[in-house]
Structure formats: C-alpha cells, structure tokens
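**Student:** Starting off with a structure, shown below.
FYI, it's all coordinate maths here, none of it is from the lab. Only a predicted model underlies this, so the values are computations on that prediction, with no experimental measurement involved. Positions of Cβ are backbone-derived with ideal geometry, glycine not excepted, and every protein chain shown enters the neighbour counts.
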Amino acid sequence: GVSHDVWSGGVKAPRLSQAVENANFEVIVEFENNMTERYQLGGLLFLADDQNLVRVNFQHDGSGLRLFAASVTNGTPTAKLGGSGITVNSATEGDTLGLRVIRNGSDWEIAYSVNGGGDEADWVTDPSQNFSHSLVMDEIGIFAGNNASGGASIPPHTAIVNYVLNQDAPIDVADATILRIEDLDVGVSPSGEGGTAGHTAGTPVCSETLSLTATANPGWRFAGWDIGGPSPATASDNPLVRAFEVGSVVIARFEQIVYSLRVDVINKGNGAGGSVQITPEEAEYLYAEPVTVTAVTPAGWIFEGWSGAFTGSEASQSITVTQDIAATATFSQEVYSLAVSVGGSGNGVVTVDGEPVSAPAQTFGGFVYEEAVTLQALAA
C-alpha cells in the first residue's frame, strides 16, 4: 500500500478542511473506532500551510489505540505527548471516539473520550496531554491516514467521522448525523410475500440522498412507499431517491394482482348448443392458480375448436393463470339427410313432410338432431 501521513513530507493524508481565523477555539470531532491495525490513524489538523501545522489524532500502534500529537515547523516534525503518545484507556473496536482540542494562545489542551464525549464527565483530561506551540493558522480540518515502518505492510483504512463541532457555535449533533445506508430501516408489506425492497446497486457508506428500489414478486405489483419516522410521508416513485432522516422507517407496499378468465361460446345453429365448464369457477383468479376449461358438446353438435388464449380442438384445457385470459369455444350443429326409396308396382305416392318422393329414390337434407319427420305412403 501507499503511506498517507502528516509528517516531514507535508500533508500526504486525505483531509477535509475549511478556512478559519487565527483565534482561540474549542473543537470536537467524533470518530467510529475502526482503527485496529498498526498506524491506522485519524484526527484533526490545524494549518498555516502544509509545512507549518499541528496534528492531534488517534492511531493504533499494533497493540492498542493511542492519542498522538505533533507539530511541524518549516517541514520539521516534532512529536508531542512524550513522543509516542498516550494510551487511550479502555478503547475497543466499535467505540465512538471523541477528540477535543482547546487552544488558548500557544497552549493546547487535549482531551479524549471512548463514548463520544456527550457529557463532560466522559472526557479524559490530564496535564500530560497538553503542550505548547505557537502557530498562526488559517485552516482547520479532519484527516485520515495510514503508515508503516520497518518494512511492514501499510494497512488500508477508511475513517468514519460522525461530526465536527466548533464549540463557539455548536449545533445539535443529531441534526449533523449523516444517514448511512445500513442505518435505514426498510421493510415490505405484506411481509415475505409481495416482494423485496432495498438500496440499488452499490454500497455507499453515506450520502445526502439514498436510492431505494422495490421489486414485486410474480403475481404482485408495487403499490407505493410508506415513510415513517421524523417526517412521515408517502411516495409512489420507484426507485425512490430522496434524503432520509435518522430514525426513518420505509415500508414498500405491494398488492396482489387478480386476473380474469373469460370464455365466450359461439354456436353455429339453432337451439342450446355447446357450453363450457370451468373448474374452479371464480370471479377472479390469483397468480399460478390452476384452472381446467372443458368444452361440453351435446348430441347433434360438433366442437370445432378454440381461439384466443387456447388453440386446437382438444375439449379440455388445463392452464396455470399468469395473466388475464380470454378464449372462445366454437360449436356447430350437425345436419342430417334422409334417403327414401320407392319400390314395387302400382301407382302409390310416398311423401316426406308432405313432399312427394320422386321414384325410384330421393334424398332429403337439412335435418337436425331429434327433429321430427313425417313419412307417408299413400295408395293411388
């Protein structure tokens, strides 16, 4: 890795700073303690320029966390606090570390806390943590760094800073909190059925805005967001991109989709004709529900087949509902013929429904199933 330090080479560590007047001050910074490897460090910088400055920071020495301070004058560093720094008592990974620097002229008073320093009693102060140094500064900032010595590898490090406060103009720490993606409570309703919700691709540590995406399961649709917490609201955008406050609870609502099944019947002919049987027969169907649709063909009729969502001429169709379904069953009425033959000798007449049969034989058509026919043989 590459060293990022604040020492004789100037400021090689990343920093975030702002211009200030050269005056007395009291500044507090709060870090999340993720400094667990040797020479991971983070703290405060007070600068005239990159070659003239004071640094006060936490850093790991391979055994534990220490409070360290140094001045740099014309590029020459001088370690304070006994050179190697002071052991930070009871510091463990995950603690919220508070660092307080009070400057009065050339006197620097340093205090630390392992639970953020919310109360005055939390601060650890001691004369051994104080030093003197004259600095005409015009910039204050936070920095994070890493380093190594003796050929050791340089550890990676990402500093997590909760806030920086100027005690001459303090703000509410809660208002200063930056919401991290993992701190946002995101759920779904109904739980475990309708879909999932979470942040979009990527894992930002913190952001002014967060992006949430709701993904519906098959048979469900996204119905909106319910946002609870400090600023209750509803929203319908998906993805939802907005700034969330600490304590916000976001619920993605899903609703189950219902589907329709419509089967029309066309009967080509007269009379009742064919029909369709649906099992189960319901007004609405849910996703993946199995349904059987059967064409019922009475005597004297022919089932021609299906059109629409179904095709072919198989009378029974087994389906799984995944969308609205519309189909048509078509039936046609069978038409029969009557062949009449006249034999023998003589002058008699044969009639079919009153119509004479032309000898010796004649075929009459257009009869349907169970139609009554009158057949008469009349002697001359």
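**Student:** From a point 7 Å beyond the Cα of Asn217 in the direction of its Cβ, which residues of region 242-258 have a backbone N at a distance under 18 Å?
**Tutor:** 251-258
**Student:** While we're here: Name all residues of region 88-107 having a backbone nitrogen under 19 Å from the label point set 7 Å from the Cα of Leu16 along its Cα→Cβ direction, giving them as ranges.
**Tutor:** 96-101, by backbone N distance to the label point.
**Student:** GluC sites (Glu not before Pro), restricted to region 1-43: which are DSSP loop and have at most 11 other Cβ atoms within 10 Å?
**Tutor:** In loop regions of region 1-43 (DSSP not H, G, I, E or B), the sparsely surrounded GluC sites (Glu not before Pro) are Glu21.
**Student:** Right, something else. Set Lys and Arg Cβ to +1 and Asp and Glu Cβ to -1, take the dipole of the chain about its Cα centre, and tell me which of Phe303, Gly192, Ser248 lies farthest positive.
**Tutor:** Phe303
**Student:** Can you pull the one-decimal nm distance between simple spin-label points at Phe303 and Val368, each 7 Å off the Cα toward Cβ?
**Tutor:** 2.0
**Student:** Still on this structure, please answer the following. Counting Lys and Arg as +1 and Asp and Glu as -1, each charge on the Cβ, what is the dipole of the chain about the Cα centre in debye, to the nearest 20?
**Tutor:** Magnitude of the dipole: close to 880 debye.
**Student:** Once the convex hull of the alpha carbons of the chain is built, what does its volume come to per residue, in cubic angstrom?
**Tutor:** Working: hull volume 85.5 nm³, N = 380.
For the chain, the hull spanned by Cα atoms encloses 225 Å³ per residue.
**Student:** Starting from the 7 Å offset along Cα-to-Cβ, what nm value, one decimal, do you get for the label separation of Glu245 and Gln51?
**Tutor:** Modelled inter-label distance: 5.0 nm.
**Student:** Another question, if that's okay. For the chain, modelled as a GNM with alpha-carbon contacts under 10 angstrom, which of Thr363, Thr158, Thr322 fluctuates the most?
**Tutor:** Answer for the Gaussian network model of the chain: Thr363.
**Student:** Divide by every residue of the chain the summed helix terms, -39500 (n - 2.57) for each DSSP H run of at least 4, and state the resulting mean residue ellipticity at 222 nm, rounded to the nearest 500 deg cm²/dmol.
**Tutor:** On the way: 1 runs with 4 residues, N = 380.
Helix contribution divided over all residues of the chain: 0 deg cm²/dmol.
**Student:** Hey, with R₀ at 35 Å, roughly what FRET efficiency would Glu120 and Leu286 work out to, going by the Cβ-Cβ distance, to 0.05?
**Tutor:** Step by step, r from the Cβ atoms, then E = 0.05.
**Student:** Next question, about the same structure. For region 6-175, what is the relative contact order in percent, using Cα pairs closer than 8 Å and at least 6 residues apart in sequence?
**Tutor:** 33
**Student:** To continue, here is another question. Let me check against my output: what whole-number percent is the relative contact order of the chain, with C-alpha pairs under 8 Å and at least 6 apart?
**Tutor:** With pairs under 8 Å counted, the relative contact order is 12 percent.
**Student:** Any idea which of Leu65, Val29, Pro290 is furthest toward the positive side of the dipole for the chain, if Lys and Arg beta-carbons carry +1 and Asp and Glu beta-carbons -1?
**Tutor:** The residue sitting most towards the positive pole is Leu65.
**Student:** What full-extension length gain, to one decimal in nm, is calculated for Val265 and Thr294 as 0.36 nm per residue of separation minus the Cα-Cα distance?
**Tutor:** Between Val265 and Thr294, full extension yields an extra 9.3 nm.
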